[in-house]
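Here is the structure we will look at.
Just so it is clear, none of the values below were taken in a lab; they were calculated from the coordinates. No experiment lies behind these values; they were computed from the predicted model shown. Virtual Cβ from ideal backbone geometry, glycine too; neighbours counted across all protein chains shown.
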Amino acid sequence: MAKQDHGTPAGMHYKVLARRWRPQQFNDLVGQEAIAQALQGAITAKRVAHAYLFTGARGVGKTTSARILAKALNCKTGPTCNPCDKCDSCESVATGDDVDVLEIDGASNRGIDEVRELRQNANLRPTRGRYKIYIIDEVHMLTREAFNALLKTLEEPPEHVKFIFATTDPQKIPVTILSRCQRFDFGTIHPERIQKRLAEIAASEGIAVDGEVLELVTRRAAGSMRDALSLMDQLLAFGGERLTAEQVHRLLGTAGEDRLVELATSLMERNAGAAIQSMDQAEAHGVQLGELIDQLIEYFRDLMVVKSAGPEARLVSVTSRQRQRLVDHASRLSLDFIFAAADILAETKGRLRGSTFGRILLDVALTRIASLEELASIDDLANRLQQLESKIGGGQSGPRAASQPTPVRESPPLDPKKKALPVEPLNPSSANTSPPAPVEQSAPPMATGSVTIPSTITPESATQLLRDLAASFGIVHRESITRAKVTIGPDPDLLVVSLDAMYNTASRAKEIESALQQRVAGRLRIRVGLDEAAKAAPQGESRRSNYSERLSEATRDPLVQAAIEVLSARVVRVDEN
């Protein structure tokens, strides 16, 4: 484990932990062993590329790895996988003062003029090292013109030039640049690795640290080693030679774990008064409202994870000391309650920004959570609806139990020589009720499924047959049939059905025709089309009238009434299809 400047000599300025404990060798990189191995392999095999791109979150080792690679290439004993850290080149690279290793901030040198100057200087030989190395941090901040100016030099640089780019946002880098670089993605560092590293540094610095402090700092760092070391520096200035969890909470403005669990317990027991009282005590001890909401969101996240993945899941809101209490809370709650509470807190967090009534918003959120009833899952509601449906349908289940087709009544036969009848609406109230002249029935009725096919078709039997066939078909919208018109063609076994164009399309008519033809099994021929004349007629008033009828009919449906009763719902819209 390498370290620079352990102490602070008299008369020298203080160097923060993140700089004093910056890794100086590939083997010192924490959590990036795979990348270190790949770079060492490239050096050993003499296959070092002319351009590298290091991407990843802040504080995970991108710039540090770039410096180590620069030292390895320009070390007096190199190129080597283990730079000596003693020669002038290694020491100047470590301090950022080497004339041949140029560290450029992409945010402040983002224009085309700066890139043109870089291209001109790249042609010059290095002063004392083997390579002239350009480390451009936050390279995604360069302008489009600057990237374009860099393309040719980046693709075919002089043999003595190496480029190392670092960025936290690779999506903003043009593909033309990405394709010219070897890319390495730096992942966030695992919390256990950060905690172990912090313990080593605390021991070397002679700092007494409680184990809980390291857990809190690690969680706060969120995978960034630099953030963890910066927070340790703050704690050293705040707490002196011994660091405690209470000092961490006071410094960050967060609530202690005991207070957090107490507040969560009040919410789960539906005790809004106790929750608000806990909030009063937390605020009196300097807890920031935004930080407390974040802690509560993390707590409910942990409840969800424990509920789903088991008690051994990794927690982010409490340390191991409070794990068992959190597991007990998770066993008492449903996932639906946890989701609802987390949604309320997340909504409150968004409203808190810019509001001067933060405390009121938080009190309202706590009261809403404490007022939540035990929520039923969708599966439970579906089962209850199914039970109600079975009762209403006389023990039958399924969506079609209440609408089974009925047999067609026998009607007097039609004279086969009679010409086509006028188009008759399928509405029973408007159908022709005058009895036709009876003729001799040539064959007994035929049955297809649950629909009886008469041997001879009359206007009355044709309308009833069409209705029963549609019911047997099952998927035809009611409006498609009740507003349809039927004609008996020149051939008495041919039915011509005209559907209302307001509720159907040509493709839909063909689908209905095919389905109905299958139901009659060749006994009749059925042709289904659209009533274009009705389509062209004004439909404004009829649409409103028909919609009101459909809305009223849907509301009277027993299943809909059961759903309204179970879900405390109401009918807001009835679709036509």
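Using modelled amide H (1.01 Å from N, peptide plane; none on Pro or chain starts), what sits under 5 Å from the amide H of CYS81, excluding residues fewer than 5 places away?
Amide H neighbours of CYS81, under 5 Å, 5+ apart: none.
Which residues in segment 89-110 place their backbone N less than 16 Å from a point set 7 Å from the Cα of THR80 along the Cα-to-Cβ direction?
Inside the label zone: 89-94.
Rounded to the nearest 0.05, what FRET efficiency do SER308 and GLU33 have when you use their Cβ-Cβ distance and R0 = 35 Å?
Efficiency, rounded to the nearest 0.05: 0.70.
Run the simple label-point estimate for ARG250 and ALA57 please: 7 Å along Cα→C-beta, distance reported in nm.
Once both label points are built, they end up 2.9 nm from each other.
Starting from the Cα coordinates of segment 246-362, work out the convex hull volume and express it per residue in Å³.
98 Å³
Calculate, for HIS160 and LYS15, the FRET efficiency according to 1/(1 + (r/R0)^6) with r their C-beta to C-beta distance and R0 41 Å; round to the nearest 0.05.
0.80
Roughly how many whole Å is it from the C-alpha centroid of segment 253-316 to that of segment 179-241?
Distance between centres, Cα-based: 24 Å.
Measuring from label point to label point, each 7 Å out along Cα→Cβ, what is the ALA45 to VAL364 span in nm?
So the label points at ALA45 and VAL364 sit 6.2 nm apart.
Kirkwood Rh, segment 1-137, all Cα pairs: how many Å?
16.0 Å
Across segment 31-186, how many lysine pairs, 8 or more apart or on two chains, come within less than 28 Å at their alpha-carbon atoms?
So the count works out to 29.
How much FRET efficiency would the formula 1/(1 + (r/R0)^6) give for THR95 and ARG144, where r is the Cβ-Cβ distance and R0 is 45 Å, rounded to 0.05?
For THR95 and ARG144, the calculated efficiency is 0.85.
Multiplying the sequence separation of GLU511 and THR356 by 0.36 nm and subtracting their Cα-Cα distance, what value in nm do you get?
49.7 nm
So how far apart, in nm, are the two label points at GLU291 and ALA554 if each is 7 Å from Cα heading toward Cβ?
5.2 nm
Using 17 Å as the cut-off for backbone N distance, which residues of segment 305-346 belong to the label zone defined by a point 7 Å from the Cα of GLU269 along Cα→Cβ?
Under 17 Å, as judged by backbone N against the label point of GLU269, lie 325-333 of segment 305-346.
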